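What follows is a short report on a single structure.
What follows is calculated from the coordinates using simple rules that are stated; it is not laboratory data. Note that this is a predicted model, so its numbers are computed, not measured. Positions of Cβ are backbone-derived with ideal geometry, glycine not excepted, and every protein chain shown enters the neighbour counts.
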C-alpha cells in the first residue's frame, strides 16, 4: 500500500539522514521544517543524490497534513512546542515515531546526560500531546546521523543503550547484543530491573550509570569477543515475542467471545 513518510525536523542531520535512507529504499518522503525553503532545499539535495527519489519539502504543519506516518527528529527543547503546533494537522489513525532523546545539552548541560521527563520519556510526552487514536512509538535513538548520511549499509555488533521496555524489546526482536545503562529515575526502578533481567538471561550486559565512564565503557567493549557477542545476540533473539500485540488482541477477542 503506498504511503508517505513525513520527517519533521528533516533538515537536521538525523532527520535528513533518515529521509535520505528512505528515499533510497523507494519510499515517498516529505521533509518538514520551520522554514519551507530549507525543507525544499534539503529535498532537492536528496533528489540530486538519489535518482527518481520521491521526496518534497514543506513547512512542518503542511508536511504533517500530507502523511499519516510521522517521524519526529527534533531537539528536545522544541519537542512540546512542535507537537502543539502540528496537533490540529495530525490525521486520525496516524502513527508517530519519536526519535527525540532529552539530552541535558538542550538546557545548557552535558550531552552525555539525559533530562528527567515528567511523563517518563520524550515518546510518552508525545503520547500525551497528540490527539486520541494516534499511535506513538520510540525508535532510532541510537542511529548515528553520520552513518545515516553515508552510503554504506548500517550494521552493528553491540548496542549501548538505556533499558526501557521498548528498547529491550527492540534488542530482542533485532537479535543484537546490548550493553544496558539504565536511566536512573527516582520514582521507579523499571529500567534497572529490565537490564538485570536481560543480563541474567545472558542476552546483554548491565552497566549501572554510577559505573559508566569513557574508560570503563571502552574496556568493556574491547573485551567482547565475536563468540561472546554471537552468544548474547542469539539469546536475545530467542527472547523475542514476534507479533505480540496481535497475539494479545486475538486472546482478548477469544475471551470476549467466550
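One table, with the values for the structure above:
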read-out: Length added when fully stretched, residue 237-residue 216, from 0.36 nm per residue minus Cα-Cα; value: 4.9 nm
read-out: Residues of the stretch 152-187 with amide N under 17 Å of a point placed 7 Å along Cα→Cβ from residue 245; value: 165-174
read-out: With Cα atoms, 0 to 90° folded angle of helix 244-257 axis to the chain main axis; value: 90 degrees
read-out: Ordering of 190-203, 51-64, 78-91 by burial proxy (mean other Cβ atoms within 10 Å per residue, highest first); value: 51-64, 190-203, 78-91
read-out: Shape metrics for the stretch 156-239, restricted to C-alpha atoms - Rg then Dmax, Å; value: 12.0, 38
read-out: Choice from 92, 182, 153 showing the highest fluctuation, given a GNM over the chain with Cα pairs closer than 10 Å; value: 153
read-out: Translational diffusion coefficient (Stokes-Einstein; Kirkwood radius from C-alpha pairs) of the chain at 4 °C, 1.567 mPa s, in µm²/s; value: 65 µm²/s
read-out: FRET efficiency, residue 89 to residue 49 (Cβ-Cβ, R0 22 Å, nearest 0.05); value: 0.15
read-out: Percent breakdown of C-alpha pair distances by 5 Å bin, ordered from the shortest bin, for the stretch 119-203; value: 3, 12, 21, 21, 18, 14, 9, 3, 0
read-out: Rounded to 10°, Cα long-axis angle of helix 226-239 versus longest principal axis of the chain; value: 70 degrees
read-out: Expected 222 nm ellipticity per residue - DSSP helices of 4 or more, -39500 (n - 2.57), all of the chain, to 500; value: -12500 deg cm²/dmol
read-out: Stretch gain in nm, segment residue 201-residue 225, where the contour uses 0.36 nm per residue and the Cα spacing is subtracted; value: 6.8 nm
read-out: The chain, relative contact order [Cα under 8 Å, separation at least 6], %; value: 13 percent
read-out: Value of relative contact order over the stretch 156-239, rounded to a whole percent, pairs C-alpha under 8 Å and six or more apart; value: 36 percent
read-out: Choice from 246, 127, 43 showing the highest fluctuation, given a GNM over the chain with Cα pairs closer than 10 Å; value: 246
read-out: With eigenvalues of the C-alpha gyration tensor scaled by 5 and rooted, the stretch 4-146, Å; value: 24, 18, 13
